[in-house]
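Here is the structure we will look at.
The values are calculated or read from the model by the stated rules, or taken from the named source; none is laboratory data. On a predicted model such as this, the values are computed, not experimentally measured, just so you know. Because the Cβ atoms are built from the backbone with ideal geometry, glycine has one as well, and the counts that use them run over all protein chains shown.
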Amino acid sequence: MASTKLDIDNLLQRYLELLDEYTQLRAALNTLQSGIYHDLARANFSAERGIRYGLDYYDDRMQATRKVAVTATTTTAPSGLVPIFTVSQTNPAAKTPSSPAPAEPTTSDLEEKEPPKPQKHDPLRWFGILTPMPLRHAQTQAVRAVEELLPQLATVSAAMADVELAVRRARKKRAKAEAAAEKAQQQQQQQQQQVPSREAARSSQGEVSL
Amino acid sequence: MASQADYKDRQFLAVIGDEDSVTGLLLAGIGHVTAPPDSQKNFLVVDAKTDNATIEAVFEQFTTERKDIGIVLINQHIADRIRHRVDTYTAAFPALLEIPSKDHPYDPEKDSVLRRVRRLFGE
């Protein structure tokens, strides 16, 4: 019983540490996103009349250059695997199952395409060649949010869910143990009550026989 | 328990948000459109005209139908519009995160993770 209580305390301690991490990451993400929105507003404000950096300029054939990778670790808690999310830059030219099959390369294609230009898939290019500085700054902050904060938040959230599960299991176990202990105590009390009553019955029988 | 088959192909981030939120995240290079004829996007720009059924359908698509999405990001004020779906979402993959938007700052009271915390401590 005492060990179960200690387990729950340890789990809750771990949970509060994760919660602290989560709130810190949240605060950092809020600051970063405020910066992104501020920079986008500045870019739109300084843009030529009628230009808004948004939906109208998105490339309909865009390919992701930053992708998620999920790995799993076994935890000390009995709930199994906890995923760890990471986001990193990948080469969009690398063939993915969803990308279309490339056409047969010709000599002129090879001359043009090799080496692959890393800027080709830069989303900034959707908005023109000479993009304003605030837009570039917004991109820098967005990259930081996507590569650092968002995967960390997802990882911490998953870890919290795992500890929640472990706490619930431990509480259930403790409740069962308490119920079993109470039942045992009641049985013991009943037995103790039965013993004196039998002795009294015997003594009364003895008096009658005399 | 999560098996490797559940997460090994999940490589994209998806986003449901207002124009500025989506633009900001797409600038980081998370946007992806699959090959035609499907041409499925991993983002949805929500404006005043977008109805809740569309948001719900895209949420369903990102969380249930598509197996290539690892993290779904949704603006908190849009999550409020389909709160019943967001709060009952419990799957490990894809991970779901609510993010603030330009006009609606982050409200911890509405965050589904912090709601779970309150439930655990019996509030």
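Applying a threshold of 7 Å to beta carbon distances and a minimum spacing of six or more residues, or different chains, the list of pairs starting in the stretch A:149-174 at a residue that is more than 10 Å from every other protein chain (Cβ to nearest Cβ) and surrounded by fewer than 22 Cβ atoms within 10 Å (Cβ to Cβ) and ending at one that is part of a helix (DSSP H, G or I) and of a type outside the set (A, V, I, L, M) reads A:A170/A:T4; A:A170/A:D7; A:K173/A:T4; A:R174/A:T4; A:R174/A:K5.
Here is a yes/no grid of residues against (1) under 30 Å from B:T34 (Cα atoms); (2) at pLDDT below 85:
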residue: A:I8; (1), (2): no, no
residue: A:N30; (1), (2): no, no
residue: A:N44; (1), (2): yes, no
residue: A:E48; (1), (2): no, yes
residue: A:M62; (1), (2): yes, no
residue: A:K67; (1), (2): yes, no
residue: A:P83; (1), (2): yes, no
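Being charged (D, E, K, R), more than 11 Å from chain B (Cβ to nearest Cβ) and in contact (Cβ under 8 Å) with a residue 40 or more places away in the chain is a property that holds for A:R14. Only one of the numbered conditions (1) more than 7 Å from every other protein chain (Cβ to nearest Cβ); (2) surrounded by fewer than 24 Cβ atoms within 10 Å (Cβ to Cβ); (3) modelled with pLDDT of 90 or more is not met by B:A14, and that is (2).
Restricting to the stretch A:94-149, give me the number of residues that are part of a helix (DSSP H, G or I) and at pLDDT 85 or above.
The number of residues fulfilling the criteria is 22.
Output the residues belonging to the stretch B:17-31 that are under 28 Å from B:R83 (Cβ atoms) and within 7 Å of another protein chain (Cβ to nearest Cβ).
If we filter the stretch B:17-31 for residues that are under 28 Å from B:R83 (Cβ atoms), which is where we start, we get B:17-26, B:28, B:30-31.
Result: B:E19, B:D20, B:T23, B:G24, B:L25, B:L26, B:A28, B:I30, B:G31.
Considering only residues in the stretch A:26-41 that are under 15 Å from B:L97 (Cβ atoms) and facing chain B (nearest Cβ under 10 Å), the one that is surrounded by the fewest Cβ atoms within 10 Å (Cβ to Cβ) turns out to be A:A27. When residues in the stretch B:68-91 are screened for being within 25 Å of B:T34 (Cβ to Cβ), surrounded by fewer than 19 Cβ atoms within 10 Å (Cβ to Cβ) and within 11 Å of chain A (Cβ to nearest Cβ), 1 of them pass.
Taken over the stretch B:92-116, the criterion of being under 16 Å from A:L25 (Cβ atoms), touching a helix residue (DSSP H, G or I) at 6+ places or on another chain (Cβ under 6 Å) and not aromatic (F, W, Y) is satisfied by B:A95, B:L97, B:E98, B:P100, B:P108, B:S112, B:V113.
Based on what the data block shows, is B:A57 of a type in the set (A, V, I, L, M, F, W, C), part of a loop (DSSP other than H, G, I, E, B), surrounded by fewer than 19 Cβ atoms within 10 Å (Cβ to Cβ) and more than 10 Å from chain A (Cβ to nearest Cβ)? In short, no.
Applying the selection to the stretch B:32-46, what residues are crowded, with 20+ Cβ neighbours inside 10 Å and facing another protein chain (nearest Cβ under 7 Å)?
Initially, the stretch B:32-46 is screened for residues crowded, with 20+ Cβ neighbours inside 10 Å, giving B:32, B:42-44, B:46.
Answer for the stretch B:32-46, where residues must be crowded, with 20+ Cβ neighbours inside 10 Å and facing another protein chain (nearest Cβ under 7 Å): just B:H32.
Mind checking which residues of the stretch A:42-58 are surrounded by 12 or more Cβ atoms within 10 Å (Cβ to Cβ) and more than 8 Å from chain B (Cβ to nearest Cβ)? Scanning the stretch A:42-58 gives A:R42, A:A43, A:N44, A:S46, A:A47, A:I51, A:R52, A:Y57.
Only residues that are more than 10 Å from chain A (Cβ to nearest Cβ), part of a loop (DSSP other than H, G, I, E, B) and either farther than 22 Å from A:D39 by Cβ or of a type in the set (F, W, Y) (or both) were counted across the stretch B:96-123, and they come to 5. B:G29 - would you say it is at positive phi, surrounded by 14 or more Cβ atoms within 10 Å (Cβ to Cβ) and under 18 Å from the mean Cα position of the chain (by Cα)? Against the criterion (at positive phi, surrounded by 14 or more Cβ atoms within 10 Å (Cβ to Cβ) and under 18 Å from the mean Cα position of the chain (by Cα)), B:G29 qualifies.
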